Amino acid sequence: MSFEIINVDLNGRIGKLYTKSGILETPYFFPVINKNKLVITISELKDEFKINGIMTNAYLIKKEYEIKGLEIEDIHKILNFDGIVYTDSGGYQILRYGKIKAEPENIIEVEEKLNVDIGTILDVPTGIKKDYEKAKESVKKTIENAERSIKKITRRDILWAGPIQGGIFEDLLSFSSHEMANKGFDVLALGSPVELMERYNFQQLIRMGIIAKANVPTGIPIHFFGAGHPMILSFLVALGYDIFDSASYALYAYEDRYITAHGTFKLNELDYFPCECEVCSKHTPKELNEMDKNERTKLLAKHNLYAILREIKEIKERIKEGTLWDLIEIRSRVHPKTFAAFKELLRVAPKIFNESPVFKRKGIFVFDQMSEERPEIAYSRKKELEKIGQKCKHIILLFIREESKLSNNIIGKIVENIKLDENKMCVYYLNKFFGFVPIWLYWTSPFNKIVSPEDTLSEEKIEEIINHLTGSMLSSKEVEMTIIRDKDSFLLSEKFIEKLSVEKGIKIRNKIDLE
Ligand SMILES: [Zn+2]
């Protein structure tokens, strides 16, 4: 097996992809290079940025070598790079220029001669075509190309990537990813999103990302072509994407644009650099502006690459900590378009994140209703709470703020005093996110891990909790209740008592006030 998963949060994972030139730790960002137009040199990438994998274009090298009449040799030798080399196939050139002079078999042959570590078959990108028939044709053609390429492959030490097409058409995308996932590729790659990325259409990107990923088995790493902006990377990782590539760091630099995880800025708009990289700590925007174009482009490209790699590192740390959701919430507020992406994610979160770990070492932060959709809360609410309470004849509801008062000892004494049959009794405490939670879950994650700003419950929320209690949790209206509360919770408990007894007709047998 070439891919091993180490840590998971949401659907994001830290993984190891084994290639013949070394191990790639994912999520990984491949800087795309053109060897004839290097903005940052290969040795700088290696030494300053610790890059162990780069991406380049097999078709462009083929074309160049043909024109020069040269024999193709090992790409590692051509680039003087001993790390992992991943090649794109020329599909992108088809997208930009319509046609290229190569058949799928030629590209495989070239990639094998180049001795690449990961090679892509020649695909026909859909782009963001509005014409359904043309989009369908590109999907069909890519699948045909895949079949022709597989027949041509002789080297199994190279990992082969199969592109998924379909563009904005959900049925085509779904069909394509299903077909490609069954062809035995080592890596799958979602094609076409570059144009959407350039237009900041993150909502559509997320939608495509969800559909394409849905058909890909967990054990296959998946690449999101052309994702080169740190603003959106955390969302894509959360969906389960492992590999990214872009030349954005250099292309933006040519246009004097400065990339950050909060957005893109024109260099001449900046008075300060909000960054601590080598470039930004040694220079001011003014100094960069006064440099000659080549020098400036190089320094800006270095900063841009730093900003992307910094975000990848942050994402990885978040996956390990189990706080990737928190990072997404932060990024959702940097731009209305990332907020749209977040809302798109919320729409499907309960469905796609239902396997995400809910046991967390750290506090689970809740800011507003949107945070309540995070899987630790939404998933636990569903899984843990709906299956309980069926056998209860007597329910004890605890309204208690101070943890010390929740000890079994105190509860035990009360139960003894009011002479309840322990076998027919259920004890719940009020948790404002989950409603009434069985007392034995009080000390477990996620129930004890939630950190939130305010301590009040809205009328709607009280209504929702009562309805949940009387609807799915109670076996019948015949149950009786005992309320145990501390001083701080007196008013709140009264609200519940009134609704339960007056509106729902439930008998409250005891009210016990703790000192
Ligand atoms: Zn910087």
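Read the figures in this text as sums done on the coordinates, not as results from a lab. Keep in mind that this is a model prediction, so the values were computed, not measured. Glycine gets a Cβ as well: all are built from the backbone with ideal geometry, and neighbour counts include every protein chain shown.
Some values worked out for this structure:
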item: Which of Leu514, Leu236 has the fewest Cβ neighbours within 10 Å, and the rest in rising order; result: Leu514, Leu236
item: Relative contact order of the chain, defined on C-alpha pairs under 8 angstrom at six or more residues apart (%); result: 12
item: Cα-based helix-to-principal-axis angle, 375-385 vs the chain, degrees rounded to 10; result: 40
item: From phi via Karplus (6.51, -1.76, 1.60), per-residue ³J(HN,Hα) for segment 19-32 in Hz, x at Gly/Pro; result: 10, 6, 10, x, 9, 9, 8, 9, x, 10, 10, 8, x, 8
item: Between segment 159-192 and segment 480-515, the Cα center-to-center distance that results, in Å; result: 57
item: Those trypsin sites (Lys or Arg not before Pro) in segment 21-68 that DSSP places in a loop and that have at most 14 other beta carbons within 10 Å; result: Lys37, Lys50
item: Sequence ranges 459-465, 227-233, ranked by mean other-Cβ count within 10 angstrom, highest first; result: 227-233, 459-465
item: Taking Arg96, Arg509 and counting other C-beta atoms within 10 Å, the order from fewest to most; result: Arg96, Arg509
item: Flagged links, alpha-carbon separation over 24 Å, of Lys101/Lys213; Lys213/Lys337; Lys419/Lys449; Lys424/Lys487; Lys77/Lys213; Lys20/Lys101; result: Lys101/Lys213; Lys419/Lys449; Lys424/Lys487; Lys77/Lys213; Lys20/Lys101
item: Beta bridges per DSSP with both ends in the chain, % antiparallel, nearest 5; result: 30
item: Sparsely packed GluC sites (Glu not before Pro) within segment 22-120, loop by DSSP, other Cβ within 10 Å at most 15; result: Glu48, Glu71, Glu73
item: Segment 137-154-segment 321-363 distance, computed between alpha-carbon centres (Å); result: 36
item: Distant-in-sequence amide H partners of Thr126 (H built 1.01 Å from N, under 5 Å); result: Gly166, Gly167
item: q = 0.14, 0.16 Å⁻¹, segment 95-251: log10 I(q)/I(0) [Debye, one scatterer per Cα]; result: -0.66, -0.87
item: Stretch in the chain that is longest and holds no chymotrypsin sites (Phe, Trp or Tyr not before Pro) that DSSP places in a loop and that have at most 12 other beta carbons within 10 Å; result: 1-271
item: Violating pairs (Cα-Cα greater than 24 angstrom) within the set Lys129/Lys298; Lys46/Lys362; Lys62/Lys141; Lys16/Lys320; Lys50/Lys313; result: Lys129/Lys298; Lys46/Lys362
item: Fewest-first ranking of Met291, Met481, using other Cβ atoms within 10 Å as the exposure measure; result: Met291, Met481
item: Test item: Cα-centred dipole of the chain, Lys/Arg +1 and Asp/Glu -1 on Cβ, debye; result: 800
item: Rounded tilt (10° steps) of 336-352 against the dominant C-alpha axis of the chain; result: 60
item: Cβ-defined net charge surrounding Glu137, 12 Å radius [Lys, Arg +1; Asp, Glu -1]; result: +2
item: From phi via Karplus (6.51, -1.76, 1.60), per-residue ³J(HN,Hα) for segment 79-91 in Hz, x at Gly/Pro; result: 8, 6, 9, 9, x, 8, 10, 10, 10, 8, 9, x, x
item: Rounded to whole Hz, the Karplus (6.51, -1.76, 1.60) HN-Hα couplings of segment 48-54, x for glycine and proline; result: 7, 10, 6, 6, 10, x, 10
item: Calculated [θ] (222 nm, deg cm²/dmol) that DSSP helices of n ≥ 4 give over the chain, each run adding -39,500 (n - 2.57); result: -12500 deg cm²/dmol
item: Cysteines having no other Cys beta carbon under 4.7 Å from their own, within the chain; result: Cys277
item: For Phe436, distant residues with modelled amide H under 5 Å away; result: Asn431
item: Built amide H within the under 5 Å cut-off of Ile396, gap 5+; result: Cys426, Val427, Tyr428, Thr482
item: For segment 95-124 and segment 237-253, distance of Cα centres in Å; result: 21
